[in-house]
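Undergrad: Let me give you the structure first, and then I'll get to my questions.
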Amino acid sequence: MENSELLMLCGTVQSVIYRNEENGYSVISVTNNGASATAVGIMTSVNTGDELKLIGNWKVHASYGKQFAFDCYEQSLPSNKEGILRYLSSGAVKGIGRAMAKKIVARFGEDSFDVIKNEPERLCVIKGISKEKAEAMSEDIRNTLGMRELMTELGGYHISVQEAVKIWKNYGSDAFDRIKENPYILCSDEIGIEFRRADGIAAKLGRSADDEYRVNAGIMYILSQNMQLYGHTCMPKSSVTEAAVKFLQLDNETVKNAAEKMIKNGSIIRHEVGEREFLFLPSMYQSESYSAQKLNVMLECPPESIKGVETALNVFEKKQHIRYADLQRKAILQALSGKMLILTGGPGTGKTTTLNAIIELCRQCGLKVMLAAPTGRAAQRMSELTGKTAKTIHRLLEVEWDKNDMPAFKRNERNMLECDVLVIDELSMVDSVLFESVLRALPLDCRLIMVGDNDQLPSVSAGNVLGELIKSGKIPCVQLTEIFRQSMKSLIVTNAHKIVNGEMPEITRTDNDFFFMHYSDANIISRKIVELCSSRLPKAYRYSPLDDIQVLCPSRKGELGVLSMNEKLQAALNPKTALTKETVFENIIYRTGDKVMQVKNNYHLVWKKADGTSGTGVFNGDIGIISDIDTAAGIVTVRFDDRLVEYELEMLGNLELAYAVTVHKSQGNEFNAVIMPLYAVPEMLCYRNLLYTAVTRAKKTLILVGEVYVMEKMVMNSNKTKRFSALSSLLNEEKRG
């Protein structure tokens, strides 16, 4: 039985059984008065011989038995000869092995650490230690001790071990002095501590409310939050200062003066959009201004002329026994004769047919074509629809990662893509930073074909690339509007177009692919959705509950949100049995057979296929099934289509149950059957393009369950997700410049 009472375990590290250098998770054997115990938890560093005070409690692991799980600890170096010898013999200090450790301890005894740290030149009396080697040993142990001293200093400010490691890596031995000077450096992207926590630390350090560092950090926080939560690449200056006054509880003059200083020193960027002043984080201004400049330069470079384009199209039509509609022909000819094209339109309007013609005719003209999409599922779907290989944009640009786990790309201005035509699908999902990265890798003479549906939700991250490009009027755009006869048979298609046009969809028919089930009670709605997934749809259509059916929720929270529906669907579709394995992470149960989604890009994760091929990277929105849970090894294995990926237990924060997902997370995917609850939808999510995006995720069957007035409210709310962006303005401004 586990004990919830906090206890202290004191002892010396006998051995390090396991250690994850990325996050500090450690499994160690500790001895005290001859008794040995296993302890588990997060530590900045640990070595044989360390003397520890661990605070935590005893737990019984299903495979490993009794363990001491610690939440915090105090760490010190051994003080007697035996402990010092054991510590130095463990390899904890670079350049000192067992034989050298014996010589050092024999010579300096209990003063060994002090000599190595403060008087390394004295080590040179020992054979085999040069002056350079002694200095290296001294630096290594100073780093180790500095990390421990930092941990002690940060201990009173509720900074986690993982955060302390980041602080040490970025600021080194003077980290705490830097924090005392400006506590708000903790809010940097590299550290990632939220403003409110840094503000609390600043208050403990005696900093005033109108401290310049605080005001500056508050303004940066407001811009950053609007970027992360609402997708704005910039904000009206007046809105930022008003928000900062309320947020920081300061007077208007103090905030305005601080903003002006930040503009002058380049901490934030001011730029006029129309007749309004907008403020940017420097990184976002760089993304949008670079993209505008590169697009304008490309537009000024005419493509190599292709003769007989119209004749080639006529021949292609005859060969394929097809007659393209006028707008389709216009798009195909523009793609072949111009430098750029935006191809947009709703379901059933022939985007794929048009795109296939563009790709094939480009190939016939001897042009090398590359295809890309923002997510793995979108790229896979693009490959299936075109019959050509498509990659994720990250794969196309050959993603790497820097020391802060941020993506960097091998393909850039110095190593451009080797293609004549680049086709990007699902452009509505591409954010401003990723679009900038694509353009940096694009040769000036390359044709750029961008495909997307501007009525869908914009990208999860900041920006509104497709909408802004169309709005600018600078890039030729063909919007396909005609619904073809075959597609008109589908109520999913015709109702999607009605929704876009602000008309109520047809919901009375029960003989097609679009159904509405009217209920006015959340419990009944959730029960009906579970029935549809577990029995009714599998029985009527032979759909697989995991592979074919997807529940899409407008929000994460609430009785019919993602979190609640996943619990109910898991219980119905994958209940615990004697054969299932399971583990718990942050109060969520994960079982073998569970449907899960990767919720953040992870470029380190290794995947393997049955044929022996392997690679790295699992991306936000990828859906898979848990195939195995090995608690003894601490590994959860997930199958993403034909790829197997192993997650360490502490990495389960990368995953969420995916029986139900938000509409935003479903972008780029299509499912045979989609079920969506429409009940008590939060006001901020009750708009047309969210409903439209959900409807267009369904290939064969769509079922809405809830209240008609909620659907009507969404249909009538034509306000798209409002995003501030300057890309359109910058594109046209470049022209004037």
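Undergrad: Putting +1 on Lys and Arg Cβ atoms and -1 on Asp and Glu Cβ atoms, find which of Y171, S305, L427 reaches farthest to the positive end of the dipole of the chain.
TA: Farthest towards the positive pole: S305.
Undergrad: Can you figure out the FRET efficiency of A632 with A540, using R₀ = 51 Å and their beta-carbon distance, to the nearest 0.05?
TA: On the way: r = 42 Å, r/R0 = 0.83.
Computed FRET efficiency for A632 and A540: 0.75.
Undergrad: Also: In degrees, nearest 10, range 0 to 90: what is the angle between the Cα axis of helix 326-337 and the longest Cα principal axis of the chain?
TA: 50 degrees
Undergrad: Farthest toward the dipole's positive end in the stretch 613-737, which of S725, G668, V636, given Cβ charges of +1 (Lys, Arg) and -1 (Asp, Glu) about the Cα centre?
TA: S725
Undergrad: Helix-only estimate, please: 222 nm mean residue ellipticity of the chain, summing -39500 (n - 2.57) across DSSP H runs of length 4 or more and dividing by its residues, to the nearest 500.
TA: Working: 27 runs with 285 residues, N = 737.
That comes out to -11500 deg cm²/dmol.
Undergrad: With every protein chain kept in the model, how would you rank R214, R414, R142 by accessible area, 1.4 Å probe, largest at the top? Show your work: numbers first, answer last.
TA: Working: R214 25, R414 195, R142 100 Å².
Ranked list, largest accessible area first: R414, R142, R214.
Undergrad: Give me the distance in nm between label points sitting 7 Å out from Cα along the Cα-to-Cβ direction at S208 and S76, one decimal.
TA: Spacing of the two 7 Å Cα→Cβ label points: 4.1 nm.
Undergrad: Just going by the charge dipole of the stretch 1-157, with Lys and Arg at +1 and Asp and Glu at -1 on Cβ, which of A69, I42, N143 is farthest out on the positive end?
TA: N143
Undergrad: Another one. Once amide H atoms are placed 1.01 Å from N in the peptide plane, what residues at a sequence separation of 5 or more from D622, or on another chain, have their amide H within under 5 Å of its amide H?
TA: For D622, the qualifying residues are Q598.
Undergrad: How big is the dipole moment of the chain about its Cα centre under a simple scheme where the beta carbon of each Lys and Arg is +1, that of each Asp and Glu is -1, and everything else is neutral? Debye, nearest 20, please.
TA: Details: 90 positive and 91 negative charges, 337 e Å.
That gives a dipole near 1620 debye.
Undergrad: Taking a probe of 1.4 angstrom, what is the accessible area of Y213 in Å², to the nearest 10?
TA: 90 Å²
Undergrad: Something else about it: Quick one: grab the alpha carbon gyration tensor of the stretch 163-296, order the square roots of its eigenvalues as a ≥ b ≥ c, and give me rounded if a/c is under 1.5, else prolate or oblate depending on whether a/b is larger than b/c. Could the numbers behind the result be given before it?
TA: On the way: a/c = 2.26, a/b = 1.40, b/c = 1.62.
Since a/c reaches 1.5 but b/c is at least a/b, the shape of the stretch 163-296 is classed as oblate.
Undergrad: Could you give the length gained by full extension between R178 and S383, i.e. 0.36 nm per residue of separation minus their alpha carbon distance, to one decimal place?
TA: 68.7 nm
Undergrad: Order of 72-83, 693-704 by packing, highest average Cβ count within 10 Å first?
TA: Working: 72-83: 16.0, 693-704: 22.7.
Order by mean packing, descending: 693-704, 72-83.
Undergrad: Within the set of other residues whose C-beta is less than 9 Å from the C-beta of A259, count the net charge using Lys and Arg as +1 and Asp and Glu as -1. Before the final figure, lay out each step's value.
TA: Numbers: positive: K237, K256, K261, R270; negative: E260.
Charge balance in the 9 Å sphere: +3.
Undergrad: I would also like to ask the following. Run the simple label-point estimate for F247 and S36 please: 7 Å along Cα→C-beta, distance reported in nm.
TA: Label-label distance for F247 and S36, simple model: 5.4 nm.
Undergrad: Continuing with this model, one more query. Mind ranking 301-308, 277-284 by how tightly packed they are, going by the mean number of other C-beta atoms within 10 angstrom, highest first?
TA: Values: 301-308: 10.8, 277-284: 19.8.
Highest to lowest by the protection proxy: 277-284, 301-308.
Undergrad: Still on this structure: With a cut-off of 14 Å, note down the residues of the stretch 501-545 whose backbone N falls inside the zone around a label point 7 Å from the Cα of N672 toward its beta carbon.
TA: Residues passing the 14 Å test: 533-545.
Undergrad: Can you list the GluC sites (Glu not before Pro) in the stretch 147-198 that are in a DSSP coil and have 12 or fewer other beta carbons within 10 angstrom? Mind dumping the intermediate values first?
TA: Values: sites: E149, E153, E163, E181, E190, E194; in loops: E190, E194.
When the GluC sites (Glu not before Pro) of the stretch 147-198 are filtered for loop state and at most 12 Cβ neighbours within 10 Å, E194 remain.
Undergrad: So what's the net charge close to R214: Lys and Arg +1, Asp and Glu -1, counting the other residues with Cβ under 9 Å from its Cβ?
TA: Values: positive: R207; negative: D199, D210, D211, E212.
Taking every other residue near R214 into account, the sum is -3.
Undergrad: Work through the residues other than R107 whose Cβ is under 14 Å from its Cβ and net out their charges, Lys, Arg +1 and Asp, Glu -1.
TA: Working: positive: K81, K102, K103, R122, K127; negative: E110, D111, D114, E119, E121.
Residues close to R107 contribute a combined charge of 0.
Undergrad: While we're on this one: Between T508 and E531, take the C-beta separation as r, use R0 = 30 Å, and let me know the FRET efficiency to the nearest 0.05. All intermediate terms of the calculation are to be shown ahead of the outcome.
TA: Numbers: r = 22 Å, r/R0 = 0.72.
Given R0 = 30 Å and the Cβ-Cβ separation, E is 0.85.
Undergrad: To continue, here is another question. Report the calculated FRET efficiency for I306 and R276 (r = Cβ-Cβ distance, R0 = 56 Å), to the nearest 0.05. Provide the component values of the computation, followed by the final result.
TA: Details: r = 43 Å, r/R0 = 0.77.
Working from the Cβ atoms, E equals 0.85.
Undergrad: State, to one decimal in nm, how far the label point of F484 lies from the label point of R122, with both points 7 Å from Cα in the Cβ direction.
TA: Going from the F484 label point to the R122 one covers 8.5 nm.
Undergrad: I've got another one for you. Charges only on Cβ, +1 for Lys and Arg, -1 for Asp and Glu: so what's the dipole of the stretch 530-593 about the Cα centre, in debye to the nearest 20? Don't skip to the end; give the middle numbers.
TA: Values: 9 positive and 7 negative charges, 24 e Å.
With Lys and Arg at +1 and Asp and Glu at -1, about 120 debye.
Undergrad: Helix 562-573 versus the longest principal axis of the chain: what is the Cα-based angle in degrees, 0 to 90, to the nearest 10?
TA: Here the helix axis deviates by roughly 90 degrees.
The values are calculated or read from the model by the stated rules, or taken from the named source; none is laboratory data. Everything quoted here is computed from the prediction, not taken from an experiment. Neighbour counts are summed over all protein chains in view; Cβ atoms, including those assigned to glycine, are modelled from backbone coordinates with ideal geometry. Ligands, DNA and RNA are stripped out before the accessible areas are found, and what is left, the full protein with its side chains, is counted by its heavy atoms. Shrake-Rupley method; radii C 1.70, N 1.55, O 1.52, S 1.80 Å.
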